[in-house]
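Notes for the one structure printed next.
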Amino acid sequence: MPAILPYRLRPGSAAGIILLASLAGAAIEILVPWYLGPDSADLFSAAGVLARRLAGRYAAAPSLVRAGSDHALLAWHIFLALAALLSAAFIAATALQLQPRRRRTPAASRCLLALQLASACALHSVVLSMVQGAMLASHLPPRRALAALAAMLGLNTVSVGVLAALALQEGISASDGKATAMVLYVLLEQLVVLLTFALGWLASSERRSRQALAAKHAELLATQVLLADTIRESERMRIARDLHDSTGHHLTALKLHLDLARRKAGERADASLLTAHELARELLAQVRAVVAAERQAVGVDLRLALQRLCAGIPQPAVTLRVAEAMQAPAPAVAHAIFCCVQEALSNAVRHAHAANLVIEIVQRDGQLHAAIEDDGAGRGTAQEGNGLRGMRERLALLGGVLHAADLPQRGFGLRITLPNTGVQP
């Protein structure tokens, strides 16, 4: 099982619901014929026809003088074995389709989809067809989903018609009830599958809209934190400049005049003049100290901004690790790191279909190091997109570098190195 499902299914997730539904459908396809007995083999399915033909090789077919119970019993056992095999193939293909894709090529994805279609069609299973319809609606792009749905419905209809004709040629009369009701049954089955696909489409659209809204809300909150810190830093610098240019200038002039007055008075200088001169000197020193302290960049609370951003992302599950002793970086550096994390989250949701994402940020030797890894599909042979190019350009302006590559097992990783204060003039 770990080889098939190397990911954690969270309660209520679409992948978990679809996989549980496929398990339930497989159980129905096996347990119901087993409970009903030898007469329950579906003769209007590929598995049922194949079971009857294989049974005919080893047991005598029923005739006017022979009931053919051995033939029916053997056909029933073969049908159960085929149902179990096809159900297992459907479940395996579904699990591989739902897992975060490793290095699967488009051809491999099409093969898995074809295996699902063939398994559900061979069993003529309404439940498995409904499961596949829901999976197509929720895990494939619209055009591919509609094309696959049309192929599934057409294949089911054609196969049922062909198998029904073969069964009638083999001597199964219409009085059995199955041949007579087959057209209505197929129409009802197709309508049920279409309804399941439509419901899956609506649920998937609603889920994507909800996730997009939550992501935008998280980005808004995180941007508010960065904006507030940036405005606060700009205001501190403005106050420091005003103190230095206006108050500091006047205090310097006052100190010079008091110093000149004290020198002119010489030993006859009044005590109040000496006191005023000393107070002016101390006040100027205090103003200079305040200006120097305000000019020291306090930086932006990057940890809080990233926490706000990651907390509002419903999927993937984000793990954020920021060093406790990390000093607040310069506003430009913090903004660059924030944009890179934001782009990595967007890629993990839209392209990688990742279930988990880990972000780790540390400071070493005057540089900020960030590592971002997910367990999604990876880039594979795809060319570098505008998102990664934009990240490289943004970091290069501040003297930083970006390394991006697929991880050894699965997923995608980013390594960012950036000076704490950005590029120095």
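Readers should treat all values here as calculations from the given coordinates under stated rules, not as data from a laboratory. All of these numbers come straight from a predicted model, not from anything done at the bench. All Cβ positions, glycine included, derive from the backbone under ideal geometry; neighbour counts span all protein chains shown.
Roughly how far apart, in whole Å, are the Cα centres of the range 204-251 and the range 18-39? Their Cα centres are 58 Å away from one another. Report note on the peptides 119-129, 402-412: ranked by the mean count of other C-beta atoms within 10 Å, highest first, their order is 119-129, 402-412. Would you mind getting me the FRET efficiency between ASN386 and LEU187? Use the beta-carbon distance for r and R0 = 41 Å, nearest 0.05. Computed FRET efficiency for ASN386 and LEU187 comes out at 0.30. Subtracting the Cα-Cα distance of LEU194 and ALA371 from 0.36 nm times their residue separation leaves 59.3 nm of extension gain. If the segment from GLU235 to ARG262 were pulled out straight at 0.36 nm per residue, it would be longer than the present Cα-Cα gap by 5.9 nm.
ALA344 sits among other residues whose Cβ lies under 10 Å from its own Cβ, and their net charge, with Lys and Arg +1 and Asp and Glu -1, is -3.
With neighbour counts taken as other beta-carbon atoms within 10 Å, the residues MET135, MET391, MET237 rank, fewest first, as MET237, MET391, MET135.
What is the fewest-to-most order of ILE18, ILE231 by other Cβ atoms lying within 10 Å of their Cβ?
Going from sparsest to densest Cβ surroundings: ILE231, ILE18.
For the range 388-403, putting each phi into the Karplus relation 6.51 cos²θ - 1.76 cosθ + 1.60 with θ = phi - 60° gives couplings of 5, 4, x, 5, 4, 5, 5, 6, 4, 5, 9, x, x, 9, 10, 10 Hz, in residue order, rounded to whole numbers and with x for Gly and Pro.
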